[in-house]
Amino acid sequence: MRRFGVSLPDELAQEVDKISQELGVTRSAVVAQAVSSFVHTYSQHLRDGHRCLGAVISLTEGVEAASRMMEEYKDLIANYSHMHIGDRCLSVFVVHGDGRRIGEFLMGLSERAARTLFTPLE
């Protein structure tokens, strides 16, 4: 077992604590499960040379964050849908291309969004 420090935003850390209490497991177990899920997705789909098809769903405070990423990664975006939910924007991208570039798109969008999800389809 290897130990290292991780910094999380306060709200996320509180959610991790709440989940660990509800499940009766350690905070480390919750974080390890979440990291395991991400690593599995990354290692299977978001790697250099892998042709990947997937869907990215992102919730942002404005359209600007998604717009900048769309321009930079337009070669990957097969389809795009955008809608307003209250004062936020929900964007759905169908992406197809090199897994590494899709991973870059996903991480860049994640840095600008309140929530971003990736679902591999192939």
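Could you list, in sequence order, all residues of the range 24-77 that are of a type in the set (K, R) and at pLDDT below 90?
Matches in the range 24-77: R47, R68.
Out of all the residues in the range 56-79, which are within 21 Å of T41 (Cβ to Cβ) and either of a type in the set (D, E, K, R) or in contact with a Phe, Trp or Tyr (Cβ under 7 Å, 6 or more places away or on another chain) (or both)?
If the condition is that a residue be within 21 Å of T41 (Cβ to Cβ) and either of a type in the set (D, E, K, R) or in contact with a Phe, Trp or Tyr (Cβ under 7 Å, 6 or more places away or on another chain) (or both), then V56, M69, Y73, L76, I77 are the ones that fit.
Kindly check whether there is at least one residue in the range 88-109 that is loosely packed, with under 13 Cβ neighbours inside 10 Å and on the phi < 0 side of the Ramachandran plot.
no
Within the range 94-114, is even one residue farther than 22 Å from S7 by Cβ and among the aromatic types (F, W, Y)?
Scanning the range 94-114 turns up at least one residue that is farther than 22 Å from S7 by Cβ and among the aromatic types (F, W, Y).
The values are calculated or read from the model by the stated rules, or taken from the named source; none is laboratory data. Small disclaimer: the values here were computed from a predicted structure and weren't measured. Ideal geometry is used to build each Cβ from the backbone, glycine not excepted, and the neighbour counts take in all protein chains shown.
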